[in-house]
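So the structure is just underneath, and the comments pick up after that.
The values are calculated or read from the model by the stated rules, or taken from the named source; none is laboratory data. Note that the structure is predicted; figures quoted are calculated from it, not measured. Cβ coordinates were reconstructed from backbone atoms using ideal geometry, including for glycine residues, and neighbour counts include every protein chain displayed.
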Amino acid sequence: MEKLNINFEHCYGIKKLQHVFDFSNKSAFAIYAPNGAMKSSFARTFSDIAAGKESGDKIFPARICTRVAEDDTGSAISSEQILVVQPYDEVFEHSEKTSTLLVNAALRKEYESLNAGFEGAKDVLINAIKKQSGSKRDIEKEISSTFTKADNELYKALLRIEEELSTQKDAPFTDIPYDVVFDDKVVEFLEKKDVKDLIDEYITKYNELLDSSTYFSRGTFTYYNAGTIAKNLADNGFFEAKHTISLNAPERREISTREELEELIAQEKDSISSDAALKKKYSALEKLITKNTTLRDFERYLSDHEELLSKFSNVEEFREEVLKSYLKHHYDLYCDVVDKYKAALKRRTEIEAQAAKERTQWEEVIDIFNDRFYVPFKLVAQNRTQVILGEDRMLSLGFTFEDGAESVSVERSRLLEALSTGEKKALYILNIIFEIQARLASGTQTLMIVDDIADSFDYKNKYAIVQYLKDVAESPNFLQIILTHNFDFFRTVKGRFVGYGNCLMATKSSDEVTLNRAAGIDNVFVKDWKVHFHDDPKKRIASIPFMRNLVEFTKGEADPDYLKMTSLLHWKSDTSSLTHGDLFNIYNGLFGSTHIPTDPQKPVINEIFDQAEDCLNAGDGMNFENKIVLSIAIRLKAEQHMASVIDDPNFLASISTNQTGALLRRLRQVSPGEPSLSALDKVVLMTPENLHLNAFMYEPILDMSDEHLRRLYADVRAF
């Protein structure tokens, strides 16, 4: 994008603004905009575009808003292309996308492929078990918490039981419905003391019957073992191959079919379960179960599987047996998961070690901040390895607060409590740098609107910001529009990287805002006002403070020319009698020129007030000379009024320094009810006592709104 065409109407404080930003020679523009002119409204409008929100006039919402921001092809600037940097936003932090600065694409791709291998196998296993068990629970968590006591350690759980499963011969509890048997209410019921006592009594009797059984044997050949054997033999064609089983009993018995074996097992089971004493004990337990309506599913299942009751003396141990039965039933799938996980584990460890050594762009961002900005803390990336490999989505920053030789790590919230406003702003700048670097890394074409980012910073950090913006300007993917009401900052970015041709000044009239090429940024007196001293009355009046300073520096404060110049900045007994001839003579004497005024007898004071009147109709903009003319006129009008009310020529003549303040103090004494006192207080606040080179080249005069000065002049001329 080489050009940006904007057309804003009724966008917050902007009634109308049309401009074409031509980036073909420079990638950055700087706009000086006095407070209230357009700066915040301009940034807010672009923020709306970035956020996909409508803009408008909040005070007059009925006004129709126009918002056009297009490139040189006529295409609208997309929201993704816009980054608006506000002066300060304490809650602004690096976004998820900025964590991509940590990515080593090759490492992450390999790491994710390793994960994908065993994760895919794990999903197949878990789905098979869910189908097998009929469970709607999170089986992954069930397995993990059962074998590790943590619900997020599935692979650790699978590895823990690897040897047990390899030696386990069968899967006797494969068909048990997990949600019915291990329902939370069932487990809670089975843990009650009276229930456990009844189960223990039942088990004692059940074991006695097993011990006396013809075919079953406690702990080795139970009903479940026998049933599993019958099924497995039949499924594997044992009986079809005409093999037989010989059962060890007082009378040996040959079994040649599955049906014959299952019938024998059923008969033996019935002989045990029909035992009167055992049935009585089961009946007592059954009564407790049926009293609890929430256990109906469990009661129905248990009534058909009474032999399972002996397993409930230790519910958690039984849960392990059931889950291991599911896993054994799907042993091939289990082995696939474990084998892939173990195969990836070694390489995964190597990748993690390599990632820990990687230096990423995050470190470069942190180095930029630590090296360039002056704050009492240092930064460190805490979980960089995890973010590189995709295990964590966001990077965590660590803060080390430094005080002399001592240092301590602190949390961000505690750090913010200890920082000054300027230091908090520096931390905010860090997050902006993260955002910019993420865009640089992704190659995103970005239009960055910078709204007084360095406002209220000390000079060291202000210049650090300027240098970083200069670095960004060197990227082919970034365009910048830098807005400021601080003339010193404006002049700095001009000199560092923006250039005179891309410096604009905003002027606000009653109908629109216009952006014009800047003038008078560097040495306005030598390059502009001195050149036009003889033909531009405003620039001539604006030159008076410079000329007075030059006389002071070269001839001293006792020199007659210095006293005459002072009388043009403060109301003195001779102020009204000083003429253009006097002013031109001083100018020619200073600079060796021969300029002749068109009306040498005209009092300078009249010209000052005439030009001040003309300034009242100017638009709100930079207007260097207007601000100086208005400031001089305001002070002279105010002092003329106070001298008139005080009416003490001797007192006026005795004032040697800080005349405006001295007159105001005397006025309060002689006329405490004077109605002009409120306006006069503003005069002292808004116009510096000494209008000299430094005082008005920086704050407050240049960065003060024209409108404020015009209103104040209107107030003082009405005295």
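Among residues of the stretch 666-687 that are touching a residue at least 40 places away in the same chain (Cβ under 8 Å), none has a beta-carbon under 7 Å from a residue that is surrounded by fewer than 10 Cβ atoms within 10 Å (Cβ to Cβ) at least six positions away or on a different chain. Scanning the stretch 541-594 for residues that are more than 28 Å from ASN650 (Cβ to Cβ) and touching a Lys or Arg at 6+ places or on another chain (Cβ under 6 Å) yields a total of 1. Of all residues in the stretch 1-30, those being of a type in the set (Val, Ile, Thr) and over 25 Å from ILE59 (Cα atoms) number 1. Looking at ALA542, ALA519, just one residue is surrounded by 20 or more Cβ atoms within 10 Å (Cβ to Cβ) and in contact with a Phe, Trp or Tyr (Cβ under 9 Å, 6 or more places away or on another chain), and that residue is ALA542.
For first residues located in the stretch 27-40 and under 17 Å from SER509 (Cα atoms), partners that are in a loop (DSSP other than H, G, I, E, B) and at pLDDT 90 or above and lie 6+ apart or on another chain with Cβ distances below 8 Å form the pairs SER40/TYR12. Residues of the stretch 602-624 include at least one that is at pLDDT 95 or above, more than 30 Å from SER509 (Cβ to Cβ) and touching a strand residue (DSSP E or B) at 6+ places or on another chain (Cβ under 8 Å).
Scan ASP452, ASP458 and give me the residue that is buried (at least 20 other Cβ atoms within 10 Å of the Cβ), under 32 Å from the mean Cα position of the chain (by Cα) and at pLDDT below 90.
Exactly one of ASP452, ASP458 is buried (at least 20 other Cβ atoms within 10 Å of the Cβ), under 32 Å from the mean Cα position of the chain (by Cα) and at pLDDT below 90, namely ASP452.
So, LYS131, is that one within 18 Å of VAL322 (Cβ to Cβ), assigned to a helix (DSSP H, G or I) and charged (D, E, K, R) or not? Yes. Of all residues in the stretch 687-719, which are over 19 Å from ILE541 (Cα atoms), within 39 Å of the chain's Cα centre (by Cα) and either modelled with pLDDT of 60 or more or among the hydroxyl-bearing types (Ser, Thr, Tyr) (or both)? Result: SER705, GLU707, HIS708. Take the stretch 142-199 and flag every residue that is closer than 19 Å to VAL124 by Cα, polar (S, T, N, Q) and within 49 Å of the chain's Cα centre (by Cα). SER144, ASN152, listed by residue number.
To keep it simple, each residue is scored yes or no on (1) at pLDDT 95 or above; (2) within 30 Å of LYS39 (Cα to Cα); (3) among the aromatic types (Phe, Trp, Tyr); (4) not assigned by TED's automatic domain parsing to the domain that holds ASN650.
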position: VAL513; (1), (2), (3), (4): no, yes, no, yes
position: SER543; (1), (2), (3), (4): no, yes, no, no
position: LEU550; (1), (2), (3), (4): no, no, no, no
position: ASP574; (1), (2), (3), (4): yes, no, no, no
position: THR598; (1), (2), (3), (4): no, no, no, no
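As a summary of the residue check, THR575 satisfies the conditions (1) of a type in the set (S, T, N, Q); (2) more than 27 Å from ASP647 (Cα to Cα); (3) surrounded by 20 or more Cβ atoms within 10 Å (Cβ to Cβ) except for the one numbered (2).
Only one of the numbered conditions (1) on the phi > 0 side of the Ramachandran plot; (2) assigned to a strand (DSSP E or B); (3) not hydroxyl-bearing (Ser, Thr, Tyr) is not met by LEU515, and that is (1). For the structure I just gave you, tell me whether PHE221 is over 55 Å from the mean Cα position of the chain (by Cα), modelled with pLDDT under 90 and buried (at least 18 other Cβ atoms within 10 Å of the Cβ). Considered against the rule, which asks whether it is over 55 Å from the mean Cα position of the chain (by Cα), modelled with pLDDT under 90 and buried (at least 18 other Cβ atoms within 10 Å of the Cβ), PHE221 comes out as no. Screening PHE584, PHE525, PHE533, PHE497 for residues that are part of a helix (DSSP H, G or I) and more than 30 Å from VAL450 (Cα to Cα) leaves exactly one candidate, PHE584. Looking for something touching a Ser or Thr at 6+ places or on another chain (Cβ under 6 Å), modelled with pLDDT of 80 or more, outside any loop (DSSP other than H, G, I, E, B) and within 27 Å of LYS342 (Cβ to Cβ) - is there at least one such residue anywhere in the stretch 143-156? Scanning the stretch 143-156, I find at least one residue that is touching a Ser or Thr at 6+ places or on another chain (Cβ under 6 Å), modelled with pLDDT of 80 or more, outside any loop (DSSP other than H, G, I, E, B) and within 27 Å of LYS342 (Cβ to Cβ), so the answer is yes. Summed over the stretch 647-664, residues that are farther than 17 Å from SER576 by Cβ and either touching a Leu at 6+ places or on another chain (Cβ under 8 Å) or assigned to a helix (DSSP H, G or I) (or both) total 8. Taking residues in the stretch 228-248 that are closer than 27 Å to ASP175 by Cα and in contact (Cβ under 8 Å) with a residue 12 or more places away in the chain, and partners anywhere that are in a loop (DSSP other than H, G, I, E, B) and β-branched (Val, Ile, Thr), the pairs with Cβ atoms closer than 8 Å and at least 6 places apart or on different chains are PHE239/THR257. If you check SER409 against the conditions, is it at pLDDT 80 or above, out of contact with any Leu (no Cβ under 9 Å at 6 or more places or on another chain) and of a type in the set (Ser, Thr, Tyr)? Judged against the criteria, SER409 is a match. Among the strands (runs of 3 or more DSSP E) lying completely within the stretch 23-106, list those that include at least 2 residues that are assigned by TED's automatic domain parsing to the domain that holds ASN7, of a type in the set (D, E, K, R) and modelled with pLDDT of 90 or more. Once the strands (runs of 3 or more DSSP E) in the stretch 23-106 are filtered for at least 2 residues that are assigned by TED's automatic domain parsing to the domain that holds ASN7, of a type in the set (D, E, K, R) and modelled with pLDDT of 90 or more, what remains is 66-71.
Based on what the data block shows, is PHE525 of a type outside the set (D, E, K, R) and within 15 Å of PHE624 (Cβ to Cβ)?
Here the answer is yes, as PHE525 does meet what is asked.
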